[in-house]
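To start, I am sharing the structure in question, which I have written as structure tokens.
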Amino acid sequence: MDQTIHIPGHTPWTIAIVSVLAASGLLLYVWRVRGSLERRDRVVLMLLRLVALLGVLGGYLQPSLRYEEIVRRRSVVPVLVDESVSMAVLGFQGATRAEQMSRLFTDRANWFDELERRHEVSYFAFGEHVRAIDRSALMSPLDPTSGTTDVLGALRDVSRRFPPGDLGGFLVLSDGVDTATLAGLFDPSGNLLPAGRAIAEGLPGPVVAIAPTQASPLRDVSISRVQGLEYLLTRNLARVEVELQVVGVDGGTVTVTLSEGGQTLARTDVAILKQSSEILARLDFLPLSPGHHVYQVAVEPLPGELSLANNLRSIPAMVVRDTLRILHVAGHASWDERFLREYLKQRKDVELVSFHTLRDDEPRQESEADTTLVPFPAEEIFVTRVEGFDLVLLQDYEIPHPDRARFAESLNKYVRRGGAFLLVGGSKVLGAQGPWPTHLESLLPVLPARIAGIGMSEGSFPVEATPEGRRHPSLSDPRLTQMLAATPALTALNMVGGTTPAALTLLRASPDVPMASAGRPPVLVVATLGEGRTGVLLTDTLWRWSFDPFANPTYRKVMDGMLAYLTKDPSGSSLQVSIQPSQALPGRKVTASIRAAAGIKTVEITLQKRRPDGAFEPPGLSREVAVDEDGNARATLQPTGPGVWRAVASTSLFEAPLVAEDMFAVGPLPAEVGVAEPPLRHLAIFATASKGRLAGQDLPSVESLPFRPEIVARVGVSADEPLWNLPIVFLVILGVLGLEWYVERKIGYT
Amino acid sequence: MNRFRVAQVTVGDQPPCRPNASFVLGQEVRFRTAVDVKLDRIVVALGSRDVFDQPFLLWVGNGAFPALTDIERNHLRTFLGSGGFLLVDNAGEGSDYSAFDRRFRAELRRALPGADMRAIQSRHVLFRSFYRLTSAWGRKAVCPYLEGVELDGRLALVYSQNDLAGAWSRDGYGVWEFEAVPGGPAQREEAIRLGVNLVMYALLLDYKDEQAHVQYLMQRRRLRPEDLQER
């Protein structure tokens, strides 16, 4: 029960006006009696008049004594325990930060008992989100899986869960790593900005932070920053700079590697200098194929490191092709070379490097100075610089002796690593003029003819697409059959002994060919080889299609498709999938955007996680998504944990299977696991600004915590007892007025 | 097979002028370069569809010729627009020279209304496509330059007024049919070299211009750590 004076029926304004009028009347009275009376008499009269005025005021305002029922109860103190990935870092005595926090709940249970006696305590775990948790669950270390930490967001979230007046303060158990807004409240010098101070002071209670005890001595090597993977061009050397932060390690070396799918792309050893905490490692590598990649930068762990989470970083990167760089080597000037060259030069996205043999090596009468012939840099283009090309195109060209085998091996290696190779036939290659090119056998998707050296087969060869060719993404066009029917017949073919088992014949001579009984001769054959693709065009008269105004579009269609397919250009695929975001936080969903060619109605999509050895785990459950009229489809997918993931979309078109994939990474924000030493400065300043403080694992006494101890709640009014209508009040006023009259008479004042 | 041939083209019912020239040009190209040449004497009428089998045509004129029919004009336009190369050579003397020149220019304007025939500068890649050349003389030395029509950035038609075909003409016994004046054998050799360059240009276009940029193009992509340091 609580008692308060209550003035009903009056607003503060009316009370103020009446009070001012009463004071004015008193002052007027004082002014009137000044100088006419002795000081003692004057004081007595003013006191009497003051008492009378108070009595009149009481009569006018009619105050009452209010009896209220109130409840005093314990304030609410939320306890927020950090469960972000950074809590996995090792600290004092080899325990992780999460383990240190859990030990507080087991070893210092009395402290929390005392806290619960004094306050209404609720327990929460927080990282990216906040979740309520039992105290008993906190006696075991929380699984530090949250990829981000938002301390301020957690405080606000918890504040909304209780009436503002009920909160007595916040107890935050965290290492201070915040990847959300806390750092934004500080200037670069680490001082709390006015806006940050306002936020801290505006919290419904002070923040007391309990920090883990850091290990001593600290010993850790961490990846603090990776630069150079933001923008990558295919077949352009990329330099990746890895900044390492070293604590507690003097001397020695660390090994830094860049890998993809378990395959090491670059490795370097960097020396750790004494008295230096930052090391820069440079890794050079050649991105070979366009599209999304997930690269992994790793620092080899040193013995006794506090954290291994900050030794590895998975970084998604987009590799784009700036231009399609084609090496075009022709054995001699010809119409086939000329029209192919003109086609390539007219493509704005092609950067063409041409080498044509203009004259054989026979001695001539004229001097070399008369001509513009230049030496052919075979070593440079076939070995040194071959990786710089997206496609190596040999046209009726035989690799020269004496380095033929070595150059062919270089080309082989280039294709197996993701390059593209196309051999255009003619009178000098594929056994037409000499023996079968055995040195190119591994690159060619065709088998040697039974008889070599008999030239090309001449005649009239109309061309048609094979069933595989009609379904192939490089040629898929409903009008293809009609387009091919309108092309002039080829007049010469390189005859081969068939195709390799892995090859795919896309174009062949039509049944009109007299030799059809021996099978329809292949014209365009492709195959995959390692990571790359190869193709062979078994004619040197395709130029007739380009020279013919009606067949020219078909020529371009075939060449466009062939180049796109060989170089793995997305435009050469009938199915594409893209995942956003390419770097997802654990627990978050990702969105798959699918682009499908006309005729595809549904697509199956599934996720696969990459194992450390580069292989993929078996796919999870697949989902079927419908493709809309524009050829687009979307699906939301849930990766089940951190790691490198692959989204695989599959469907079929004209009964041919189509598969597309995209890579993405799931993991915490880099800052979450970046450093071994807890960055407590921000949290400490913020807590202080909220009238709280930062404390260590030696918990301060509960009574010393700056939390508001109790909440006073009024639950109702039991009675209002008027004060003004008491008889004693009337008698006092009457007595005062009578006394004033008597005194005035006595001193002679009228 | 994909062999290069020099086909001589005729208009109307006119017989081919300098009929041995195309064969000799083919011989010289085969002898001097790596081009796989089919040696034959082939004559095609401009009004025939056969012109679309031969991307390199030689038209040797001497005097006035009948006005081109619509078909011939259409073929000429299509041939040049599709990537064909036409070498026009004025072999006439005196009034015949002028008559062919006038009629050819008039017909060209009608066949290719928007085309602009201009003198080919001596720095053009045509003069470097195989040999380094400084003159454009043929059997005679009437005009010091060649003229040409560019379509889609390439020379589609080249016009010589110096009787190039006359300088190339050789009979079955290997005897030159016409004397090159005033320069004699040296002038003839220059004319043959010009013929070789014309063929090489038709087959290679601006390949020789590109060679100047090859090293730059080769190194544009950085493949080795030292490539990064060079920049």
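So that you can scan it fast, the table gives a plain yes or no per residue for (1) in contact with a Pro (Cβ under 9 Å, 6 or more places away or on another chain); (2) at positive phi; (3) not basic (K, R):
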residue: A:E114; (1), (2), (3): no, no, yes
residue: A:E128; (1), (2), (3): yes, no, yes
residue: A:I133; (1), (2), (3): no, no, yes
residue: A:L138; (1), (2), (3): no, no, yes
residue: A:T145; (1), (2), (3): yes, no, yes
residue: A:G153; (1), (2), (3): no, no, yes
residue: A:R156; (1), (2), (3): no, no, no
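How many of the residues in the stretch A:8-22 are outside any helix (DSSP H, G or I), loosely packed, with under 10 Cβ neighbours inside 10 Å and not small (G, A, S)?
Step one: list which residues in the stretch A:8-22 are outside any helix (DSSP H, G or I), which gives A:8-11.
Still in the running and loosely packed, with under 10 Cβ neighbours inside 10 Å: A:9, A:11.
Okay, now just the ones that are also not small (G, A, S), so A:11.
Residues flagged as outside any helix (DSSP H, G or I), loosely packed, with under 10 Cβ neighbours inside 10 Å and not small (G, A, S) within the stretch A:8-22 amount to 1.
Now a separate question. Six or more apart or on different chains, Cβ under 9 Å: which pairs go from a residue in the stretch B:163-189 that's touching a residue at least 60 places away in the same chain (Cβ under 8 Å) and on the phi > 0 side of the Ramachandran plot to one that's of a type in the set (V, I, T) and outside any strand (DSSP E or B)? Could you list them?
Close Cβ pairs satisfying both conditions: B:D163/B:V142.
Something else about it: Please count how many residues of the stretch B:43-58 are away from chain A (no Cβ under 11 Å) and assigned to a strand (DSSP E or B). Give the derivation first.
From the stretch B:43-58, those away from chain A (no Cβ under 11 Å) are B:43-48, B:50, B:57-58; that's our starting set.
Now narrow it down to the ones that are assigned to a strand (DSSP E or B): B:43-45, B:57-58.
Residues that pass the stated criteria total 5.
Between A:S460, A:S510, which is more than 18 Å from A:V424 (Cα to Cα), at pLDDT 80 or above and within 14 Å of chain B (Cβ to nearest Cβ)? Outline the logic, then answer.
Working: A:S510 fails: within 14 Å of chain B (Cβ to nearest Cβ).
Checking each option against the conditions leaves just A:S460.
Of all the residues that make up the stretch A:620-642, how many are in a strand (DSSP E or B) and not hydrophobic (A, V, I, L, M, F, W, C)? Outline the logic, then answer.
Here is the first cut: in the stretch A:620-642, the ones in a strand (DSSP E or B) are A:623-626, A:632-637.
Imposing the further condition that a residue be not hydrophobic (A, V, I, L, M, F, W, C) reduces the set to A:623-624, A:632, A:634, A:636.
Residues flagged as in a strand (DSSP E or B) and not hydrophobic (A, V, I, L, M, F, W, C) within the stretch A:620-642 amount to 5.
While we're on this one: Suppose we filter A:L50, A:L21 for residues that are under 13 Å from A:V736 (Cβ atoms) and at pLDDT 85 or above; which single one remains?
On the way: A:L21 fails: under 13 Å from A:V736 (Cβ atoms).
Answer to the selection: A:L50.
Looking at the stretch B:8-28, I want the residues that are of a type in the set (K, R) and at pLDDT 90 or above and have a partner that is in a loop (DSSP other than H, G, I, E, B) and surrounded by 20 or more Cβ atoms within 10 Å (Cβ to Cβ) with Cβ atoms under 7 Å, at least 6 apart or on another chain. Which pairs are those?
Every condition considered, the pairs that remain are B:R18/B:A91; B:R18/B:S169.
So which residues in the stretch B:21-41 are over 16 Å from the mean Cα position of the chain (by Cα) and away from every other protein chain (no Cβ under 13 Å)?
Across the stretch B:21-41, the qualifying residues are B:L39, B:D40, B:R41.
What residue, of A:V226, A:V177, is of a type outside the set (G, A, S) and outside any loop (DSSP other than H, G, I, E, B)? Give the steps one after another, and end with the answer.
On the way: A:V177 fails: outside any loop (DSSP other than H, G, I, E, B).
On inspection, the qualifying residue turns out to be A:V226.
Name the single residue, out of those in the stretch A:643-667 being at pLDDT 85 or above and either of a type outside the set (A, V, I, L, M, F, W, C) or in a loop (DSSP other than H, G, I, E, B) (or both), that is farthest from A:G248 (Cα to Cα).
Restricting to residues being at pLDDT 85 or above and either of a type outside the set (A, V, I, L, M, F, W, C) or in a loop (DSSP other than H, G, I, E, B) (or both), the top hit is A:T651.
If you scan the stretch B:155-198, which residues turn out to be hydroxyl-bearing (S, T, Y) and farther than 21 Å from B:F31 by Cα?
Residues of the stretch B:155-198 hydroxyl-bearing (S, T, Y): B:159-160, B:169, B:173.
Across the stretch B:155-198, the qualifying residues are B:Y159, B:S160.
Say we look at the stretch B:74-90 and pick out the residues that are surrounded by 19 or more Cβ atoms within 10 Å (Cβ to Cβ) and either more than 19 Å from B:L205 (Cα to Cα) or more than 10 Å from chain A (Cβ to nearest Cβ) (or both); which of these is nearest to the chain's Cα centre (by Cα)?
B:L87
Check B:D40 against each of (1) in a loop (DSSP other than H, G, I, E, B); (2) of a type in the set (D, E); (3) buried (at least 17 other Cβ atoms within 10 Å of the Cβ) and name the one condition it does not meet.
Single failed check for B:D40: (3).
Within the stretch B:91-100, can one find any residue that is under 20 Å from B:L205 (Cα atoms) and either within 14 Å of another protein chain (Cβ to nearest Cβ) or not in a helix (DSSP H, G or I) (or both)? Even if it seems obvious, please write down each step before you answer.
Here is the first cut: in the stretch B:91-100, the residues under 20 Å from B:L205 (Cα atoms) are none.
No, because not a single residue in the stretch B:91-100 is under 20 Å from B:L205 (Cα atoms) and either within 14 Å of another protein chain (Cβ to nearest Cβ) or not in a helix (DSSP H, G or I) (or both).
Would you call A:P586 touching a residue at least 40 places away in the same chain (Cβ under 8 Å), within 14 Å of chain B (Cβ to nearest Cβ) and out of contact with any Phe, Trp or Tyr (no Cβ under 7 Å at 6 or more places or on another chain)?
Values: touching a residue at least 40 places away in the same chain (Cβ under 8 Å): yes; within 14 Å of chain B (Cβ to nearest Cβ): no; out of contact with any Phe, Trp or Tyr (no Cβ under 7 Å at 6 or more places or on another chain): yes.
Against the criterion (touching a residue at least 40 places away in the same chain (Cβ under 8 Å), within 14 Å of chain B (Cβ to nearest Cβ) and out of contact with any Phe, Trp or Tyr (no Cβ under 7 Å at 6 or more places or on another chain)), A:P586 does not qualify.
With the condition being in the same structural domain as A:L694 (by TED's automatic domain parsing) and either of a type in the set (D, E, K, R) or buried (at least 17 other Cβ atoms within 10 Å of the Cβ) (or both), I'd like the helices (runs of 4 or more DSSP H) fully within the stretch A:23-136 carrying at least 1 qualifying residues. Give the derivation first.
Working: elements: A:39-61, A:97-107, A:109-118.
In the stretch A:23-136, A:97-107, A:109-118 are the helices (runs of 4 or more DSSP H) which contain 1 or more residues that are in the same structural domain as A:L694 (by TED's automatic domain parsing) and either of a type in the set (D, E, K, R) or buried (at least 17 other Cβ atoms within 10 Å of the Cβ) (or both).
Out of B:V181, B:V199, B:V125, report the one residue that is in contact with a helix residue (DSSP H, G or I) (Cβ under 8 Å, 6 or more places away or on another chain), over 19 Å from B:L58 (Cβ atoms), among the β-branched types (V, I, T) and within 14 Å of another protein chain (Cβ to nearest Cβ). Working first, answer last.
On the way: B:V181 fails: within 14 Å of another protein chain (Cβ to nearest Cβ); B:V199 fails: over 19 Å from B:L58 (Cβ atoms).
From the options B:V181, B:V199, B:V125, the qualifying one is B:V125.
Of the residues A:L283, A:L288, A:L273, A:L265, only one is within 14 Å of chain B (Cβ to nearest Cβ), in a loop (DSSP other than H, G, I, E, B) and hydrophobic (A, V, I, L, M, F, W, C); which? Before you say what the answer is, go through the steps one by one.
Numbers: A:L283 fails: in a loop (DSSP other than H, G, I, E, B); A:L273 fails: within 14 Å of chain B (Cβ to nearest Cβ); A:L265 fails: in a loop (DSSP other than H, G, I, E, B).
Only one candidate qualifies: A:L288.
For the stretch A:388-491, give me every one of the strands (runs of 3 or more DSSP E) that falls completely inside it and has 3 or more residues that are in contact with a Phe, Trp or Tyr (Cβ under 7 Å, 6 or more places away or on another chain). Full working, then the answer.
Working: elements: A:391-395, A:420-424, A:457-461, A:463-465.
In the stretch A:388-491, there are no strands (runs of 3 or more DSSP E) which contain 3 or more residues that are in contact with a Phe, Trp or Tyr (Cβ under 7 Å, 6 or more places away or on another chain).
Here's something else I'd like to know. Looking at the stretch A:268-294, which of the residues that are within 24 Å of A:V666 (Cβ to Cβ) and in contact with a Lys or Arg (Cβ under 9 Å, 6 or more places away or on another chain) is surrounded by the most Cβ atoms within 10 Å (Cβ to Cβ)?
From the stretch A:268-294, those within 24 Å of A:V666 (Cβ to Cβ) are A:283, A:285, A:287, A:289-294; that's our starting set.
If we keep only those that are in contact with a Lys or Arg (Cβ under 9 Å, 6 or more places away or on another chain) too, we end up with A:283, A:285, A:287, A:289-291, A:294.
Numbers: A:L283: 20, A:F285: 20, A:P287: 24, A:S289: 17, A:P290: 21, A:G291: 19, A:V294: 22.
Among residues in the stretch A:268-294 that are within 24 Å of A:V666 (Cβ to Cβ) and in contact with a Lys or Arg (Cβ under 9 Å, 6 or more places away or on another chain), the one surrounded by the most Cβ atoms within 10 Å (Cβ to Cβ) is A:P287.
Here's the yes/no breakdown for (1) within 13 Å of chain B (Cβ to nearest Cβ); (2) β-branched (V, I, T); (3) at negative phi; (4) touching a residue at least 24 places away in the same chain (Cβ under 8 Å):
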{"position": "A:S476", "(1), (2), (3), (4)": "no, no, yes, yes"}
{"position": "A:T481", "(1), (2), (3), (4)": "no, yes, yes, no"}
{"position": "A:N494", "(1), (2), (3), (4)": "yes, no, yes, yes"}
{"position": "A:T505", "(1), (2), (3), (4)": "no, yes, yes, yes"}
{"position": "A:S546", "(1), (2), (3), (4)": "yes, no, yes, yes"}
{"position": "A:Y555", "(1), (2), (3), (4)": "yes, no, yes, yes"}
{"position": "A:L563", "(1), (2), (3), (4)": "no, no, yes, yes"}
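Which condition number in (1) under 23 Å from A:P678 (Cβ atoms); (2) out of contact with any helix residue (DSSP H, G or I) (no Cβ under 9 Å at 6 or more places or on another chain); (3) in a loop (DSSP other than H, G, I, E, B) is the one that A:G251 fails?
Result: A:G251 fails condition (1) only.
A follow-up question, please. Which of the residues that make up the stretch A:307-366 are among the hydroxyl-bearing types (S, T, Y) and more than 11 Å from every other protein chain (Cβ to nearest Cβ)?
Scanning the stretch A:307-366 gives A:S307, A:S314.
Conditions first: (1) buried (at least 17 other Cβ atoms within 10 Å of the Cβ); (2) in a loop (DSSP other than H, G, I, E, B); (3) small (G, A, S). B:S22 passes all but one, so which condition is the exception?
(2)
Six or more apart or on different chains, Cβ under 7 Å: which pairs go from a residue in the stretch B:204-224 that's more than 7 Å from chain A (Cβ to nearest Cβ) to one that's of a type in the set (D, E, K, R) and assigned to a helix (DSSP H, G or I)? Could you list them?
As it stands, the answer is B:Q219/B:D227, since those pairs meet every condition given.
Would you mind telling me which numbered condition in (1) over 26 Å from A:P706 (Cβ atoms); (2) out of contact with any helix residue (DSSP H, G or I) (no Cβ under 6 Å at 6 or more places or on another chain) A:F112 fails?
(1)
The values are calculated or read from the model by the stated rules, or taken from the named source; none is laboratory data. Everything numeric here is computed off the predicted structure, so don't read it as measured data. Don't worry about glycine lacking a Cβ; one is built from the backbone with ideal geometry, like all the others, and counts go over all protein chains shown.
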